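Have a look at the structure below before the remarks.
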Amino acid sequence: MKEIDYIVVGLGIAGITFCEVLEKNNKTFVVYDTGNVSSTKVSAGVINPVVLKRFTPVWNAKEHVETSFDFYEKLAIKLGIPLFEKMPMLRIFKSIEEQNNWMVASDKKELETFLKPKVIKNENPNINAPFGFGEVNNTGKVDPIVLIESYKNYLLKNNQLKNEDFEYHNLQVNIDKVLYKDIIAKKIIFCEGASAKNNPFFPNKTKISNEPLVIPNKGEYIIINSPELKLHSMIKTSLFVIPLSADLYKVGATYDREDHTVKTTQNAKEEMINKLKNIINCNFEVVGQVAGIRPTTRDRRPFLGTLLDCRNKVFFNGLGTRGITSAPSLAASLYNYIENGLELPKEMNIKRYYKW
Ligand SMILES: Cc1cc2nc3c(=O)[nH]c(=O)nc-3n(C[C@H](O)[C@H](O)[C@H](O)COP(=O)(O)OP(=O)(O)OC[C@H]3O[C@@H](n4cnc5c(N)ncnc54)[C@H](O)[C@@H]3O)c2cc1C
């Protein structure tokens, strides 16, 4: 039998950020992941502190954004690969009224560091923005495929990754340890994203209303090639348009709570193409499409921590629509809870589910 500190189930952004905290604290661990259904891999990877529909800050914006910038910058250096880039985000204004709303919002204490208090003129003839843009400070993007693939390689080199499904029925949980096949670990942490629904240890339904804890929310993106577009900032209106490399852009996303498959659909493709035609004037060709499932929750907060029955089974699930942004900070809070006894804020603590 091999003795280690942690078994980690799932290598999306929750698993990666938790592995990084474990390594920093000299804990030994092994990860199980097949990457079959990965929200992280298909995500836009955008780090943005503002809800651009309503001009309000995202949850814990300052802390989450600052921690994530630092996390991805350091991880890129450690892995020796460019996986993160600071990039401006421009919100297209639809009217004079929106320009005014932006200026009012930029004056608010919680937004003054994030919203530039001026209207930027559109100089790109291929973008429809007669009312100009508002620019958000502190924005960037992670390349999620590079992130996942390079992190997997890093773990493989260190013999810390098992490219296989974790079989829940083979887990044995004792008071001070867990046993799985030939491994004895002090704890196990579950980071399965939307697949948490398959975990028999994760409470799948609320006690009173019988709702699922993690609500799958499918999202699709198209990838376009447009040599004429020449866009160097991310733009947001009814869709995000995110520059990738060369003349490629990621455009999306859709939201769908009914379809829980990761198959791309013609409907979503058409919806995004139609919206895009209102945003840009130049030619483009759709060269790819991806779909993933966001692990959302009814109160838009994640499920972190342990249940009342056992402190060896730890959960890091329900990262929702902004996990790339929030996970680095949440992983640190979760580690401090498990190892250093610092209580988790109630709003993210999985124990809140007992009251539902
Ligand atoms: C279209 C789309 C766009 C998005 N854009 C953004 C964005 O721009 N910015 C942002 O901050 N967030 C964004 N998100 C949200 C973000 O992607 C998620 O919040 C985050 O990726 C969730 O990470 P996770 O690690 O919890 O889950 P996942 O990334 O889904 O990872 C879970 C992993 O666990 C593995 N797994 C599950 N069960 C098992 C098992 N039994 N055995 C082994 N492995 C298992 C899966 O294969 C998977 O690899 C987007 C999401 C989508 C779908």
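Could you check, for the range 276-290, whether at least one of its residues is closer than 26 Å to Asn199 by Cβ, in contact (Cβ under 8 Å) with a residue 40 or more places away in the chain, under 19 Å from the mean Cα position of the chain (by Cα) and within 16 Å of the ligand (Cβ to nearest atom)? Yes, there is a match, as at least one residue in the range 276-290 is closer than 26 Å to Asn199 by Cβ, in contact (Cβ under 8 Å) with a residue 40 or more places away in the chain, under 19 Å from the mean Cα position of the chain (by Cα) and within 16 Å of the ligand (Cβ to nearest atom). Among the residues in the range 152-160, are any more than 16 Å from Met1 (Cβ to Cβ), exposed (fewer than 13 other Cβ atoms within 10 Å of the Cβ) and of a type in the set (Lys, Arg)? Checked the range 152-160: at least one residue is more than 16 Å from Met1 (Cβ to Cβ), exposed (fewer than 13 other Cβ atoms within 10 Å of the Cβ) and of a type in the set (Lys, Arg). Selection over the range 224-241 of residues that are within 16 Å of the ligand (Cβ to nearest atom), within 12 Å of Leu276 (Cβ to Cβ) and either modelled with pLDDT of 95 or more or of a type in the set (A, V, I, L, M, F, W, C) (or both) gives a count of 5. Of the residues contained in the range 314-321, one or more are found to be part of a helix (DSSP H, G or I), within 16 Å of the ligand (Cβ to nearest atom) and closer than 18 Å to Pro216 by Cα. The test for being under 30 Å from Glu73 (Cα atoms) and either under 29 Å from the mean Cα position of the chain (by Cα) or surrounded by 13 or more Cβ atoms within 10 Å (Cβ to Cβ) (or both) holds for Lys108. Going residue by residue through the range 202-209, is there one that turns out to be within 13 Å of the ligand (Cβ to nearest atom), under 24 Å from the mean Cα position of the chain (by Cα) and not in a strand (DSSP E or B)? Scanning the range 202-209 turns up at least one residue that is within 13 Å of the ligand (Cβ to nearest atom), under 24 Å from the mean Cα position of the chain (by Cα) and not in a strand (DSSP E or B). So is Ile242 under 30 Å from Asn122 (Cα atoms), more than 20 Å from the chain's Cα centre (by Cα) and in a strand (DSSP E or B) or not? It is false that Ile242 is under 30 Å from Asn122 (Cα atoms), more than 20 Å from the chain's Cα centre (by Cα) and in a strand (DSSP E or B). Checking Asn36, Asn137 one by one, the residue that is at pLDDT below 95, more than 14 Å from the ligand (Cβ to nearest atom) and of a type outside the set (A, V, I, L, M) is Asn137 and no other.
With the requirement that a residue be part of a loop (DSSP other than H, G, I, E, B) and either surrounded by fewer than 23 Cβ atoms within 10 Å (Cβ to Cβ) or at pLDDT below 90 (or both), what does the range 189-201 give you? Within the range 189-201, Asn199, Pro200, Phe201 meet the criteria. Scanning the range 202-227 for residues that are of a type in the set (A, V, I, L, M, F, W, C) and either surrounded by fewer than 16 Cβ atoms within 10 Å (Cβ to Cβ) or closer than 30 Å to Ile4 by Cβ (or both) returns Phe202, Ile208, Leu213, Val214. Beta carbons closer than 7 Å, at least 6 apart along the sequence or on distinct chains, pair a first residue in the range 154-169 that is closer than 15 Å to Thr28 by Cβ with a second that is surrounded by 14 or more Cβ atoms within 10 Å (Cβ to Cβ) and among the hydroxyl-bearing types (Ser, Thr, Tyr) for Lys162/Tyr32.
Being within 16 Å of the ligand (Cβ to nearest atom) and either under 17 Å from the mean Cα position of the chain (by Cα) or crowded, with 20+ Cβ neighbours inside 10 Å (or both), is that true of even one residue in the range 116-131? No: zero hits.
Being away from the ligand (no atom under 12 Å from the Cβ) and assigned to a strand (DSSP E or B) is the filter; apply it to the range 245-261 and report the residue that is surrounded by the most Cβ atoms within 10 Å (Cβ to Cβ). By that ranking, first place goes to Tyr249.
Leu115 - would you say it is outside the structural domain of Lys277 (by TED's automatic domain parsing), under 28 Å from Thr296 (Cβ atoms) and in contact (Cβ under 8 Å) with a residue 12 or more places away in the chain? Yes; evaluated as a whole, the condition is true for this residue.
Conditions tested, residue by residue: (1) more than 14 Å from the ligand (Cβ to nearest atom); (2) within 18 Å of Asn137 (Cβ to Cβ); (3) out of contact with any strand residue (DSSP E or B) (no Cβ under 9 Å at 6 or more places or on another chain).
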{"position": "Lys24", "(1), (2), (3)": "yes, no, yes"}
{"position": "Val30", "(1), (2), (3)": "no, no, no"}
{"position": "Ser43", "(1), (2), (3)": "no, no, no"}
{"position": "Lys86", "(1), (2), (3)": "yes, yes, no"}
{"position": "Phe93", "(1), (2), (3)": "yes, yes, no"}
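Out of Ile4, Ile47, one residue alone is out of contact with any Pro (no Cβ under 8 Å at 6 or more places or on another chain) and over 30 Å from Tyr168 (Cα atoms). It is Ile47.
The values are calculated or read from the model by the stated rules, or taken from the named source; none is laboratory data. Everything numeric in this text was worked out from a predicted model, so none of it was measured. Quick reminder, even Gly has a Cβ in these numbers, built from the backbone with ideal geometry, and neighbours come from all protein chains shown.
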